[in-house]
1. Output the qualifying pairs, or none if there are none: Cβ atoms under 8 angstrom, residues six or more apart or on different chains, first residue in the stretch 290-307 and within 16 Å of Val414 (Cβ to Cβ), second residue buried (at least 21 other Cβ atoms within 10 Å of the Cβ) and modelled with pLDDT under 95.
2. Which pairs do you get when a residue that is in contact (Cβ under 8 Å) with a residue 12 or more places away in the chain and under 30 Å from Ala213 (Cα atoms), found in the stretch 356-382, comes within reach of a residue that is acidic (Asp, Glu) and open to solvent by less than 70 Å² (accessible area, probe 1.4 Å), reach meaning Cβ atoms under 6 angstrom, with the pair 6+ apart or on two chains?
3. Of all residues in the stretch 99-122, how many are of a type in the set (D, E, K, R) and either surrounded by fewer than 20 Cβ atoms within 10 Å (Cβ to Cβ) or more than 21 Å from the chain's Cα centre (by Cα) (or both)?
4. Would you mind finding the one in Val140, Val211, Val145 that is modelled with pLDDT of 95 or more and surrounded by 15 or more Cβ atoms within 10 Å (Cβ to Cβ)?
5. Could you grab me the full set of residues in the stretch 172-206 that are touching a strand residue (DSSP E or B) at 6+ places or on another chain (Cβ under 7 Å) and in a helix (DSSP H, G or I)?
6. Pairs only if they're at least six apart or on different chains, beta carbon under 6 angstrom, first in the stretch 160-171 and assigned to a helix (DSSP H, G or I), second open to solvent by 20 Å² or more (accessible area, probe 1.4 Å); list them, first residue then second.
7. Pull out all pairs, ordered by first then second residue, where Cβ-Cβ is under 7 Å, the residues are six or more apart or on different chains, the first lies in the stretch 67-85 and is open to solvent by less than 40 Å² (accessible area, probe 1.4 Å), and the second is β-branched (Val, Ile, Thr) and assigned to a loop (DSSP other than H, G, I, E, B).
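The values are calculated or read from the model by the stated rules, or taken from the named source; none is laboratory data. These figures come from a predicted structure and were not determined experimentally. Reconstructed Cβ throughout: ideal geometry from the backbone, glycine too, with neighbour counts over all protein chains shown. Quick note on the areas: whole protein, heavy atoms, side chains included, nothing else; ligands and nucleic acids left out. Shrake-Rupley method; radii C 1.70, N 1.55, O 1.52, S 1.80 Å.
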Amino acid sequence: MMLPRAAALVGLILFAVLPARAENVTSFTLDNGMDVVVIEDHRAPVVVHMVWYRVGAADEPPGHSGIAHFLEHLMFKGTDKFPAGSVSEIVEANGGSDNAFTSYDYTAYFQRVAADRLELMMELEADRMNNLTLSEKDVVTERNVILEERNQRVENDPAALFAEQRSAAQYLNHPYGIPIIGWRSEIAELSREDALSFYRTYYAPNNAVLVVAGDVKPDAVRALARKHYGPLAPSAALPVRTRPQEPPQSAERRLRFSDPRVAQPYVMRTYLAPERDPGAQETAAALTYLAELLGGGTTSVLAQKLQFDSKQALYTSAFYDGNALDDTTFGLVVVPAPGVSLQQAEDALDSALADFLKDGVNMERFDRVRTQIRAADIYARDNVQTSAHRYGAALAMGLRVEDVRGWPEVLDRVTPADVMAAARDLFERRRSVTGWLMKGDAPEVTQ
């Protein structure tokens, strides 16, 4: 038993003293407004090609929830040059893989291929940025696919239904309270014209970020980007990215969600929290530490107090992700042990938070978290796809290349005092949403 523990300790020490592998990052902007980031990594002859659009579910017009995700699906229906399904077929035939995803703040498309196939990927992606063709049959077929996706991922999962209700309670005014996949009633009404209107409005080079990571040289990427993306005309009518904002919360919000399919009840509490902002990432960095200190594994505050000391919980966690355009959330989870009620679990959570605010940060735990955060950064830089994702997501949400580069240093400057200041600002019950997921009769819902 001693050898693995000793090896783990050596690993942590090495991560604490060794610098992360430097990222060789170049950025520039094409004449049509398309931002380009190149991340050189010559260890293997592969490349990740990603196009990120600065539009997501939170930018959808009222009454059209799910249109961003719907269009993501429809983008694979093809163009006159590359008909339906051929993009993925071409990628696969060239030994690569491709996919896409939609978030609240962006929509992204990517391919991972051999480095000598990069130009082909640019040709495919540039073509569908401008020349998407959709038939009514395409729209009806894909709309049914998404409705079934909602059935499988949301309607058949009580935790997902609970999450939707919590988000709706958290955000009274901001579109983060609307599910990315959309409300079922609105998905069912999405039309071909809705999709094309959204496409024509937002899919333009001046609303996109191109990220190329892997075995490439910046000058070669620049030449290819100019050749394939450069001729695309920018949109002169691109909307200013403004959204309804969340008003200050002045009263605690609570909800109880019952479903007979719930296997394990739990308590979750979330608070509105600041996001990472350009040139101002310090609070987000402190909250990143706070989440790890409170709920990051078996040595965290909640685990020690609730799982091991009082044995009131089977599982505890805390989470925070500052990667958002607007205010995000900081969350806490407690899964009660057998015989412990949800009320007792919530009371135990409150007690643990009160003790933390009174006692402050344990320095041994703080140093361990700092080492873990450094290690996570090293691992992230070691994967070309992860590196591409870090830069693409950040730029699509309004951050700059220098913010991504500087993030590890911002994290490294965090002090225990910073963490406690962030905690005191965050943990106000009147600004919280507490939800109980319970096993029980589900309310009848009429579709």
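1. Listed pairs, sorted by first residue: none to list.
2. Final answer for the pair search is Val369/Glu292; Arg381/Glu23.
3. Going through the stretch 99-122 one residue at a time, the tally reaches 3.
4. The conditions single out Val211.
5. Tyr199, Tyr202
6. Phe162/Phe257; Gln165/Leu255; Gln165/Phe257; Ala169/Arg253; Ala169/Leu255
7. The qualifying pairs are Ala68/Val55; His69/Ile180; His69/Ile181; Gly78/Thr133; Thr79/Thr133.
Residues are listed down the side, and each one gets a yes or a no for (1) of a type outside the set (A, V, I, L, M, F, W, C); (2) under 18 Å from the mean Cα position of the chain (by Cα); (3) part of a loop (DSSP other than H, G, I, E, B):
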residue	(1), (2), (3)
Val51	no, yes, no
Ala58	no, yes, no
Pro83	yes, no, yes
Glu92	yes, no, no
